[in-house]
Amino acid sequence: MSVETHGDGTLSSPGARVLGSAALPHGARVAVVVSRYHSLVTQRLLDGAHEAARARGAELDVIVSPGAFELGILALEAARSGRYAGVAALGCVIRGDTSHYDYVCSECARGVLQAGLETGVPVAFGVLTCETAEQAFARAGGTAGNKGFEAVETALDTAAALEGVRAPDRRS
């Protein structure tokens with residue numbers, strides 16, 4: 001049995017200053033680095049990314065990656081460029097008959113994380129790591145939502161939070 005734990009994302013903290021709760025300015029730019037491997041799935045993730053950017057008033061640049069393994073270096077360079085408030089890395093890895101899946105998933109996640117940590121620019125992980133194609137389609141606009149949409153939202157929300165954390169403390 002599955003129990004809902006996500007909620008609506010609303011948190012309260014009476015009496016405390018909440019950093020990062022303000023939205024980024026209209027027109028913030030986001031890079032979406034998307035793998036062309038499993039393109040029937042990743043196109044749906046990209047569609048969700050476009051939808052999220054439109055909903056938030058953000059500008060979107062798309063950088064095409066050959067596969068999920070290469071997302072890290074492309075995300076790193078996008079983040080280093082100084083042009084983006086955030087980066088969303090989108091891809092899909094589906095388990096096959098060999099251990100290749102484990103290596104690709106692990107190094108993809110490591111590369112995406114490293115890109116954000118090295119640059120201080122948020123890099124959101126929108127890479128599906130699935131057992132079956134059905135699971136991938138469910139997470140790319142199907143019954144489990146669209147992780148491309150969520151990745152762009154995450155990049156923008158994290159950028160806003162970082163802006164709040166990095167702002168000078170104006171309390172006297």
Q: Go ahead and estimate [θ] at 222 nm for the chain from helices alone: -39,500 (n - 2.57) per DSSP H run with n ≥ 4, summed, over the residue count, rounded to 500.
A: -14500 deg cm²/dmol
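For the chain, which span is the longest to avoid every loop-located (per DSSP) member of GluC sites (Glu not before Pro) having at most 13 other Cβ atoms inside 10 Å?
Longest site-free region, per DSSP loop and neighbour criteria: 5-130.
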Q: Using only the Cα atoms of region 49-98, construct the convex hull and provide its projected area averaged over every direction, in square nanometres to one decimal.
A: 4.3
(Q) Taking a ≥ b ≥ c as the square roots of the Cα gyration tensor eigenvalues, with a/c under 1.5 meaning rounded and otherwise prolate when a/b beats b/c, else oblate, which class fits the chain? (A) prolate
Q) If you rank 18, 64, 112 by fewest surrounding Cβ atoms within 10 Å, what's the result? A) 18, 64, 112
Q: Can you tell me how much longer the chain between residue 161 and residue 114 gets when fully stretched, taken as 0.36 nm per residue apart minus their C-alpha distance, in nm with one decimal?
A: 15.0 nm
Q: Between residue 97 and residue 63, with labels modelled 7 Å along Cα→Cβ, what's the label distance in nm to one decimal, could you check?
A: 3.6
Q: Starting from the Cα-Cα distance between residue 23 and residue 50, subtract it from 0.36 nm times their residue separation and give me the gain in nm to one decimal.
A: 7.9 nm
Q: Compute the long axis of helix 71-80 from its Cα atoms, compare it with the longest principal axis of the Cα atoms of the chain, and write down the angle in degrees, 0 to 90, nearest 10.
A: 30
Q | Folded to 0 to 90 degrees: helix 147-166 orientation relative to the chain principal axis, Cα | A | 30
Q.
Over region 3-85, what portion of Cα pair distances is larger than 17 Å, expressed as a whole percent?
A. 62
Q) Who wins for biggest fluctuation among 45, 19, 128 in a Gaussian network model of the chain, springs between alpha carbons below 10 Å? A) 19
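Just so you know, all these numbers are worked out from the coordinates, no wet-lab data involved. As the structure is a computational prediction, the values presented were derived from the model and not from experiment. Here the Cβ is made from the backbone with ideal geometry for all residues, glycine too, and neighbour counts use every protein chain on show.
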